[in-house]
Amino acid sequence: MELATPSTKPKYSSPIMMNPTPNSTTPTTMGVPPSTPSRYENQKRRDWNTFCQYLRNHKPPLSLSTCNGAHVLDFLCYLDQFGKTKVHNQTCRFFGNPKPPALCPCPLRQAWGSLDALIGRLRAAYEAHGGKPEGNPFGARAVRIYLREVRDFQAKARGVSYTKKRKRTKLKGTPPPQPPQASSENKY
Ligand SMILES: [Zn+2]
């Protein structure tokens, strides 16, 4: 009889609990391994806030209870303007070219993988906020179909740019580098 319980419990003190500040805007869990659920929870909360903000700013404002799959699709299209994945139009000569030799005017979109993960988080958040699973707009058929279409199209367009040219997105929390202060200012 071997009853020695293996000590599989990690012994490190959890760094997540050390900062009880409820309103901290700075991510305090940066060093946490990706498998930690709280990182997912943080992302889920951020996504949920973004979506609620989107509903409030909608004209006319939308309420969660009237939100349906079509609104979710609108939201996904709205997010495309912050996308960083080049997705070539079918008319573009680089369509299907994973490494286009030149620039083209095709739009940047959200990558399918990001959208798919986002919808999964929002679907969970919706139910965590008391929404009924059968009325979950993030699980709507139209949303599933849309995601499948995005996936298929992006796979064909091969728009994923693996070579970063330069960062232009300001909305992802990375502030642009500050210009160095001129050390000798000539101002009287
Ligand atoms: Zn193109």
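Laboratory data are not the source of any read-out in this text; all were calculated from the coordinates shown. Keep in mind that this is a model prediction, so the values were computed, not measured. A quick note on method: Cβ atoms are made from the backbone with ideal geometry, for glycine too, and the neighbour counts reach across all protein chains shown.
Below, the figures for the structure above:
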read-out: Farthest toward positive dipole pole in region 39-157 [+1 Lys/Arg, -1 Asp/Glu at C-beta], among 139, 150, 122; value: 150
read-out: With 10 Å bins from 0: P(r) over region 39-157, alpha-carbon pairs, percent; value: 13, 41, 29, 14, 3
read-out: In order through region 51-62: 3J(HN,Hα) via Karplus (6.51 cos²θ - 1.76 cosθ + 1.60), integer Hz, x for Gly, Pro; value: 5, 5, 5, 4, 5, 5, 7, 5, 10, x, x, 9
read-out: Only Lys, Arg (+1) and Asp, Glu (-1) charged, at Cβ; region 39-157 dipole about Cα centre in debye; value: 280
read-out: Extension reserve of the residue 144-residue 80 stretch, reckoned as 0.36 nm per residue once the Cα distance is removed; value: 21.3 nm
